[in-house]
Amino acid sequence: MSIEKHIDNLILQAMARGEFDDLKGQGKPINLDAYFATPEDVRMGYSVLKSNEFVPEEVDRLKEIGDLRAQVAASTDELEKAVLKKRLNEKELALSLILERNRRKR
């Protein structure tokens, strides 16, 4: 049996067991524009990072900052609001340090 036929059989068996049911993005078209716009020498690495939902540290900080700002705006308790503002300031400082570090690397 050829390797291709063996792989096809493995895929068919997995499908029969339902291992491909409920996959993320199932039934949606795949947009490959960003993939092919990425330089070929880094394409695979970026693809692996993206498929594993890895994002740069500064993107995580920006998301946390946005969440904290929303919590501050929604809070009616002054003590809670003060704690949230302190955490927000810490995250903003952390983001500033990350961005400065990245600027110096260039």
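A short reminder: the numbers here are calculations on the coordinates, not readings from a lab. Not measured: the values here are computed from a predicted model. Because the Cβ atoms are built from the backbone with ideal geometry, glycine has one as well, and the counts that use them run over all protein chains shown.
Computed per residue of the chain from DSSP H runs no shorter than four, each worth -39500 (n - 2.57), the mean residue ellipticity at 222 nm is -24500 deg cm²/dmol.
If I require 27 Å or longer along the helix axis, counting alpha carbons, and a Kyte-Doolittle average no lower than 1.6, what helices from the chain are left? Use full DSSP H segments.
none
Other residues within the sphere of radius under 12 Å centred on the Cβ of residue 92, judged by their own Cβ, net out at +3 (K and R +1, D and E -1).
Could you tell me which of the pairs 63/91; 63/85; 5/28 are separated by over 20 angstrom between their Cα atoms in the structure shown? From 63/91; 63/85; 5/28, over 20 Å: 5/28. Normalising by residue count, region 55-106 has a Cα convex hull of 53 Å³ per residue. When only C-alpha pairs under 8 Å and at least 6 residues apart count, what is the relative contact order of the chain, in percent? Reported relative contact order: 20 percent.
Assuming 0.36 nm per residue, please report the length gained on full extension of the stretch residue 101 to residue 78 beyond their Cα-Cα distance.
4.8 nm
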